[in-house]
Amino acid sequence: MIHLQRSLARVLLVLVLVLTANVLWTHHITAWNPGMRNPVLGYDAAQYALAARHLAETGELATTYALPIELAHHASPPWPLAVLQPGLVLAQAWVFSVTPKIVRLPGAEPMLFNDPTRREQLVLVIPFICFLAIGAAIGMAVARLILRVRPESSIWLTSLAGFAAALPFLLDPEAQHFASGGFNELPFTLGLTGALAAIALGRAARFPLLFGLLLGLTGLFRGNMLWIAPWLAGGASIAAAPGRRRRVFVIAMIGWAVPMAPWWWYKWQAFGSPAWDLSVLSVWDGIGGRSWFTLNHLPERPEVPGGFAAVLPVAQKIVANVPRVLLAVLTGPRALWVGALVLWLVVTRRRDAVWAAGFAILGAAVANLLIAAATIPWLRYMFPVRALLEVAGLLAMWALAGRLGTAASGRSIVRLTRAGVAAIAIAYGLLQTERGVQEAATSSAERGTPRSRTMNEIAELVQNEVPVGEPVMSNLGPILAWRAQRPVIHLAQTPDDVAACRERVEFRHVILAFRDPERAWRGWDQILERPAEAPQNPDWNVTFVRQYRSQDGFDVVWLELGPMKPGLALHAK
């Protein structure tokens, strides 16, 4: 009877969480309105979708979009993956492969997925499933954990606690946003959720190789797992018996390396080093007047300090950015949850599996904080560990509340305190959800990317006038490459740098689309302001200009370039 009640309670918990997640996702995506006010694919999501489509159609792990810096290594398309991680590419390629061009369901109109505009909607499948799965996994793991620590607890009360712990995650507008586009944050977060649950429930210490394989598969979605994996493996080793701790750590790290090994081999073959990653250049963003734009929009490797000369400027950047990122992470009651976790780790003497999981997520958060501070200090890059850190902090608050007393009156205070903590977390989540929906509705109408109709118009022109396989250059980057089904090189740093890009690979068309000249990049704003004068500059080699104003308020300028000079053409060959 008890087993039946437990099974029923778990099924109901999962169902309620999945339904709640679906309602919240629908609420957010309706405000964001992908496919109408703005394309489903933004800049990052389009990069993954392009590589996935290419893999599904050709079996080759490559892409038809490149930054100018990539031309220094590989001139002609398709280009090897220099920035992306392979996890989401592989997952989306599978979705593209198994989804037919036309889906027919009994009693319903056929659903068409036979053109880029329709097919881009498939990128929502993986993030949406992960959003549902993370909510259910948090709820199930918390319910199991409470029963493991307090076997005498009510089955229904533990399920309610699991719901209260998972609901703040589902209410997080960042989580809802990442579930509304083709991002890799939620698949990575799902892997972290499984890893922390495995540590807390003692599974990681019992099966270190399987645990390590989980870390490796998760690492295929985000490169920062390189710095987080040792903390998680350390958590698994702490949860193990004293005589097995070193063995558990080593086996877990070996397991992590197994799924990563083919990816390292790929980079070795493509770039000459298994550690090569273009995103490493983001360390120099904001140092010495450099920016991500200046570092990546010339067809050559930038000169940056190396060795000991790099230590001081990078350290200064980290010191300057840590307070900024930390302040963003600790807004609202988040500081209370994190403080509670730290306090609980300090006052708890028993170093069991639960303590090890708390240690692991706190260590992973510190490592991720330093990575974000050293690269691009955006809260987005903290999301996976930040979201799970809040769940751990909420549980720590409940655990600390249990120290208030054991008598009847004390137990009442404990229950009220725990209920109050959950109420604060949920109320803050509801507030953030509403703010997120309002922000989504506002920002979707003000994005720097044209709406779907305009993108389709530009893509149709490209398809009609650019031969298949011939690259174009555009600030619309991977979004245009997806819609037009042509290789796209992102815009060079200035019009004067286009010729250097053409030395690497020949192209004849440059397409600009900005809301107004003031929003155009330096150098390109001159062309947006006076496009008719572009052919007068002999260095730009512009032979023909077309311009128009789109219905959604974008200035679109199409530059047709003349033949390359003989010396440059010879160099390109």
message: Can you tell me which residue is farthest from the chain's Cα centre (by Cα) among those in segment 129-154 that are β-branched (Val, Ile, Thr) and surrounded by fewer than 23 Cβ atoms within 10 Å (Cβ to Cβ)?
response: Val149
Members of segment 88-123 that are in contact with a strand residue (DSSP E or B) (Cβ under 6 Å, 6 or more places away or on another chain) and modelled with pLDDT of 70 or more: Arg118
query: Quick check: anything in segment 223-230 under 14 Å from Gly87 (Cα atoms), touching a residue at least 60 places away in the same chain (Cβ under 8 Å) and out of contact with any His (no Cβ under 6 Å at 6 or more places or on another chain)?
result: yes
statement: Over segment 190-221, the set of residues charged (D, E, K, R) and closer than 19 Å to Ile138 by Cβ is Arg203
- line: Matching residues in segment 51-82 (among the small types (Gly, Ala, Ser) and within 23 Å of the chain's Cα centre (by Cα)) number 6
statement: Taking segment 170-204 and keeping only residues that are among the small types (Gly, Ala, Ser), within 25 Å of Leu90 (Cα to Cα) and outside any helix (DSSP H, G or I), one is left with Ala179, Ser180, Gly181, Gly182
field: Odd one out for Leu327 among (1) loosely packed, with under 12 Cβ neighbours inside 10 Å; (2) in contact with a Ser or Thr (Cβ under 8 Å, 6 or more places away or on another chain)
entry: (2)
task: Determine, yes or no, whether Ile126 is modelled with pLDDT of 95 or more, in contact with a helix residue (DSSP H, G or I) (Cβ under 8 Å, 6 or more places away or on another chain), of a type in the set (Val, Ile, Thr) and farther than 30 Å from Val280 by Cβ.
output: no
query: Does Ala143 satisfy the criteria of being in a helix (DSSP H, G or I), touching a residue at least 60 places away in the same chain (Cβ under 8 Å) and either more than 23 Å from Gly87 (Cβ to Cβ) or out of contact with any helix residue (DSSP H, G or I) (no Cβ under 9 Å at 6 or more places or on another chain) (or both)?
result: yes
- prompt: For segment 454-556, which fully contained helices (runs of 4 or more DSSP H) count at least 1 residues that are in contact with a Ser or Thr (Cβ under 6 Å, 6 or more places away or on another chain) and over 29 Å from Arg119 (Cβ atoms)?
  reply: none
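The values are calculated or read from the model by the stated rules, or taken from the named source; none is laboratory data. Quantities reported herein were computed from a predicted structural model and do not represent experimental measurements. All Cβ positions, glycine included, derive from the backbone under ideal geometry; neighbour counts span all protein chains shown.
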